[in-house]
Each structure stands twice: as structure tokens, then as C-alpha cells.
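Some notes on the structure that comes next.
The values are calculated or read from the model by the stated rules, or taken from the named source; none is laboratory data. Quick caveat, the model's predicted, so the values are computed rather than measured. A quick note on method: Cβ atoms are made from the backbone with ideal geometry, for glycine too, and the neighbour counts reach across all protein chains shown. Keep in mind that these areas ignore ligands, DNA and RNA; they rest on the heavy atoms of the full protein, side chains included. Shrake-Rupley method; radii C 1.70, N 1.55, O 1.52, S 1.80 Å.
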Amino acid sequence: MKLSARIAAPAAALALAGVTATACAPQTSDNRATKDEKSGTLRVWLFQEVNNKPKEQVVDAAVAAFGKKHKDAKVEVEYIPVETRAQKIKAAFNDPRSAPDLIEYGNTDTAGYVKDGGLADVSAEFTAWDEAKDTDPTAKQSVTVGGKIYGAPLFVGVRALYYRTDVFKELGIAAPKTQDELIATAKKIHKAEPELYGLAVGGAYTYGAMPFIWANGGELAEESGGSYKAAINSPAARKGITAYTSLFGNDNCPAAKCASMGGNATVTAFASGKAAMAIGGDFSHQAVEAGSVKGKYAVVPLPGLKAGETAPAFAGGNNIGVLKSSSHRTLAVDLMKQFTGKETQRMLFEAMGFLPTYTDVRSEAAKKEPFVDPFVRTLGAGAKFVPASPGWGQIDASLVLPTMFQEIVSGKKDVAAASDDAAKKMDAAFAAAG
């Protein structure tokens, strides 16, 4: 099982979307509820965080507020391990009697869970909900499949460029303003300070590589008529792949050490003082603060091709959805709104650092906590999402893109051959998913 965007740093109880292995599971039978009870007990499954107590306090407050409006309803919350959630949630889809009414799920899981027949279509309720109008478009996209809405966004997370202010000052250089400057700066730093990676990169760091592909005009896949076809081998995507893989080598981040690194390892390299730059998330902040570079770093949006441009970042995050099998649909939708509403998201940010999905609440957060600003600007510049196909789960779990990057940086294949092979694997996964 693979965690696609959850950063498991000891000091960070901050998480992003994760396990997508269920996306290729067989479709369940029809499990729609036959009744909509207005009283009784609602069961909720939420993710267990590294440090769960602050999250529990926010959730308890939301449950209390819900209880004041619904005197005849009770709420039972269970915190489930992220590592085994794929099997547990799939089992719930197949057995409505043991299933909860609501679940928290990673936003890359949406299409797979919809195909599995597990999530309820809440398009009408979401559209009529006054607060929803302020939802970030990319966050809304993460709960949307085939034009229908299957939940509400809980929080969002993106990555930006962390850099060592002391190293930059010592070498007399400024934060890079373009992608070419970023690559040149990384190599300049490594040449001057050979014990440092200029920019820590990882062959298994898919979400660190995506901004290079998107900045160059490439896409992971193209959608047409509800089906997807890989675009990772397009000329534009290949430019981005070439740019990213040019950072692997003895002039920046040696392939022997960096080819196998994922997001965790690159952030850890930066936090421990082994790298002058890294692509890290807002959710990486606590881990970096706990490292040896505390007080000696800054963060800026990852630059695009031209000065003033921001490279599109992957918009990770988690959502809350109502199960199709819930016999308390009306109550469950109201509880979903309570968990994902503006007030709860404000509290989650203060307690956990999770970025709100509402543009106005996020702006408030940036004013309160300056470290959030570059991430808010990155989202404002236009973040992107993975293909809304259940096939993405198989692509992610099969490590299609990490394999492509590793084949290139090891010299096993050139960009054209490796991207063509990746595209074939992606198309097979999209076709199998239907």
C-alpha cells in the first residue's frame, strides 16, 4: 500500500491525501439506503493523525455544535489508521450493516470510491449550501466526478520552495525567479558547497516532479468524453521531465542517493541541513521547524518558466463524504457540513495547520501565520489535480511515474522511451478502470 501524499514526519501531525489502492477493486453491488432516519446514532470514520489530540478537540466541538441542532441524534467517531484504511473502507462499501455514515478520505481516492459505489451524490445539497460558494475551485474539483459532487473538502495542501537563507547570503545569491534559475542555482550551490544537495530531489517524489511537467505545459493525461488518455509522453510533458531529471547527478543530487528518495526523504534532507533547497508542503513546516535549519530558511512559491510565474502545484488534501448506504442521509449531510464548514476549518488550521479550502478563510489564516503566505499564493496562482479516474489509483500504487523517473536518471532509458512506456501503463490502467 502506498501513501501518495501523506508526509509522515515525526514532528508533523499534518497529512495529505493518501492510499489509492482501492481504486482498482471490483465494483460493489447496489448498497443504496432505503430509509432516511431523522434520529439515532451516526457513525463517523476519521483518520488517526500522528498527534491526534488537537484534531479530536476540534472534532468534539463540531459534534457538540451538531448535537445542539439535532437533539435526537448521537455521533460516534472512530479514528482509523491511514495505513489500513483501504481494506477497511472497501469492506464498509460491501457491508452496509457495519458501515459508517461518513468517512474522511484522501482526495486522490474520490474517483475510485465513486466507482466502487460507496459515496453518495450530494450535488444538490452542496450546491445549495451558502458556504460552499467560497470553496477553492481545485478543492471542489477533488470531490467532483463526472460533474457530480461526492463530499465536501476538509483541507487542502500544496508544496512550495524551501531555501536556506544563510547559504544564499553566504554565496551572495537570491531566491530563483524562474525554473532555469532554480536549476542553475542548485548546481551553483552544490559546486560551492559539495557536501550540500543544491536542491533535494527524489526519483520517487511524484508530487515534487509534477510542477515541472505542468509549468512546461504538459499534462499527466487528457480527458475526452469521460475517459482518459495518457499525455505524459507529449512534447511539453517531456520538457518538464527533462528539466526535473536534469537535477539528478553529481552536479546537484547524485542519482545513486537521490533516485530512490521520496517526499519524506527530500524534506528530511533539508530539515537536517543536508540540502540548500527542497520542495516541501505547508504540512512540512513543523518538521522543518524541528530540524537544524530552524531560523535559517524561507519559503517562496516554486517558480515557473518566466519571472513572476508560479509553477502549478499539486493540490492535495482530504475530504468528508457521506456513504450511499447511510440510513441517516439528511443528518449525515448536515454533519458533513458541520465538519467541513468555515468555523471548523478555522479551528483545524489553528490546531493542526491544515490549510482551509475556503478562499476567504485561507486569506485570514495567511494574515495570522506568515509562513502560510507562499502556499496561499501558490494556490491562488492555480494548483492542479490528478486525473479524476479510478485508474489513477492503480497508476499511483504501481509506481508508474517513479519508475519512469528512475529509469531516466539511472541511464537505463532516455526520456522518450521511458515516457512512452509510462504512457502505455497509464492507458492500460485507465482502460481497465472503465
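Annotations
- Scanning the stretch 144-174 for residues that are more than 25 Å from the chain's Cα centre (by Cα) and not in a helix (DSSP H, G or I) yields GLY172, ILE173, ALA174.
- Here ALA365 meets each of (1) part of a helix (DSSP H, G or I); (2) in contact with a helix residue (DSSP H, G or I) (Cβ under 6 Å, 6 or more places away or on another chain); (3) open to solvent by 10 Å² or more (accessible area, probe 1.4 Å) with one exception, condition (3).
- Considering residues of the stretch 95-135 that are acidic (Asp, Glu) and outside any loop (DSSP other than H, G, I, E, B) only, the residue farthest from SER325 (Cα to Cα): ASP134
- When the stretch 396-421 is filtered for residues that are surrounded by fewer than 24 Cβ atoms within 10 Å (Cβ to Cβ) and closer than 26 Å to THR144 by Cβ, the ones remaining, listed by number, are ALA397, SER398, VAL400.
- Some residue of the stretch 375-395 being hydrophobic (A, V, I, L, M, F, W, C) and open to solvent by 50 Å² or more (accessible area, probe 1.4 Å): yes
- Residues that are open to solvent by less than 10 Å² (accessible area, probe 1.4 Å) and part of a loop (DSSP other than H, G, I, E, B), drawn from the stretch 314-343: ALA315, SER326, GLY341
- The stretch 281-313 - residue that is part of a strand (DSSP E or B) and at pLDDT 95 or above and, of those, least open to solvent (accessible area, probe 1.4 Å): PRO303
- Considered as a group, the residues in the stretch 219-247 that are touching a residue at least 60 places away in the same chain (Cβ under 8 Å) and assigned to a loop (DSSP other than H, G, I, E, B) include one that is surrounded by the fewest Cβ atoms within 10 Å (Cβ to Cβ), and that residue is GLY226.
- Whichever residue in the stretch 53-94 is open to solvent by less than 40 Å² (accessible area, probe 1.4 Å) and assigned to a strand (DSSP E or B) and, among such residues, is nearest to ASP116 (Cα to Cα): ILE80
- Under the condition of being charged (D, E, K, R) and either buried (at least 24 other Cβ atoms within 10 Å of the Cβ) or touching a Ser or Thr at 6+ places or on another chain (Cβ under 9 Å) (or both), the residues counted in the stretch 248-280 number 1.
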